[in-house]
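Input: a single structure, listed below in structure tokens.
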Ligand code: PLP
């Protein structure tokens, strides 16, 4: 059974974000078949602690019957119907209203998509539309952060600030600019980099600045406390829109409903996906401010030629509503904060007893452990030592799934378990991380 599946996988399945050659050589390393809470089981019967919530998305954990039931009920009643033009339906209306009630003040109108990349592509088009209908078409440039990840669709690939993603199809789109991130830099330097890019581009040509409140796929890079307040002020000075990509940080991941709330900053636009349905249905969206919505209402004449077949999918909306209800009833945002603190404390103790652990950081249940050759000087390992790969493999052997990040010669282990994790499970995770890193340390001699 297992060999048969591996052969079929090789022959017919092109995996997302994967090495095709490695797949052909080694086959799929693990084939999952069942999920329960924070755990996943593969087809050999081995259980794993899913310490990155799969793709940072299974916020309420695996195997929730309530979501299966919500989907089945909606499918039986009306699996799908259009939201194009003047058609509407109750699940999407109710979800839009619910999301508007959760987002910071003033962000009240939602455009739905099927995921994060579509949400960021939609945000690029919507902010340009906002300027165009005010006779400011020259405002079309998009600035974002190096090491930022915003997806792989046409525009979102270009918003992404990780060069590895640009090369695949030969080039990226014009009018996208990347500035220095706050990682390993001062707020002054990071703000100066943005200011310089705005000045050099011509402030009147910039449409928006995009950033994740915490850069996830870039290695869980947490900004200094004054970073976003100063970003907000700078955007206001130049009249530039600020778009917060909440695809990972939204829906409780950081101990607040949305990540940007950790810094009391209100963006003009938010994009979301992942946690809104905990991955039980592909759904995302863009939330815009009243100011933007009012401009649309007044000046967006004729048809808005932008919409996906599945924008506002009724079954997806029903799943999202139930998912949010479960988060609220289980106080999972609060749990994320509390368990995140416990995880941080536990991993700081791990750092004390292991020589190769550098920075350990968490906001809620979004965090990372860095591995370094010398913690004091922050000296990095040589990339050919493949420290991250070794750590991810050692974790895997112990039944813990984490995500490794190695851009720019870093060795970062990202950790973001489902928000339902409890104290004993946090301790189990800490122990797994300790044992795995100890093994790598011993291997390195
Ligand atoms: N934005 C952020 C911050 C993400 O982390 C991701 C995916 O990991 C995306 C956008 C793209 O979302 P999707 O993979 O659903 O298209």
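Quick look at the numbers
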| quantity | calculated |
| --- | --- |
| Pairs with Cβ under 6 Å, 6+ apart, first in region 107-134 and closer than 21 Å to residue 83 by Cα and in a helix (DSSP H, G or I), second at pLDDT 95 or above and away from the ligand (no atom under 16 Å from the Cβ) | 125/306 |
| Residue match in region 278-298 (condition: crowded, with 19+ Cβ neighbours inside 10 Å, in a helix (DSSP H, G or I) and within 16 Å of the ligand (Cβ to nearest atom)) | no |
| Residues of region 111-138 satisfying the condition of being within 9 Å of the ligand (Cβ to nearest atom) and out of contact with any helix residue (DSSP H, G or I) (no Cβ under 7 Å at 6 or more places or on another chain) | 114, 115, 118, 119 |
| Scope region 223-255; condition part of a strand (DSSP E or B) and away from the ligand (no atom under 16 Å from the Cβ); matching residues | 241 |
| Residues of region 382-414 classified as outside any helix (DSSP H, G or I) and either assigned by the TED database to the domain that holds residue 255 or closer than 20 Å to residue 162 by Cβ (or both), total | 11 |
| Search result, residues across region 30-69 that are in a strand (DSSP E or B), surrounded by fewer than 21 Cβ atoms within 10 Å (Cβ to Cβ) and either over 22 Å from the mean Cα position of the chain (by Cα) or on the phi < 0 side of the Ramachandran plot (or both) | 32, 33, 34, 35, 36, 39, 41, 42, 47, 48 |
| Residue, nearest to the ligand (Cβ to nearest atom), within region 141-171, restricted to residues that are closer than 20 Å to residue 183 by Cα and surrounded by fewer than 17 Cβ atoms within 10 Å (Cβ to Cβ) | 164 |
| Any hit, region 182-200, residues being at pLDDT 95 or above and within 21 Å of the chain's Cα centre (by Cα) | yes |
| Within region 201-221, considering residues that are assigned to a loop (DSSP other than H, G, I, E, B) and either over 17 Å from residue 360 (Cα atoms) or more than 14 Å from the ligand (Cβ to nearest atom) (or both), the one nearest to the chain's Cα centre (by Cα) | 212 |
| Flag if residue 99 is free of Cβ contacts under 8 Å to residues at least 40 places away in the same chain, away from the ligand (no atom under 16 Å from the Cβ) and either touching a helix residue (DSSP H, G or I) at 6+ places or on another chain (Cβ under 9 Å) or not in a helix (DSSP H, G or I) (or both) | no |
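The values are calculated or read from the model by the stated rules, or taken from the named source; none is laboratory data. Everything numeric in this text was worked out from a predicted model, so none of it was measured. Cβ sites come from the backbone with ideal geometry, for glycine too, and all protein chains shown count toward neighbours.
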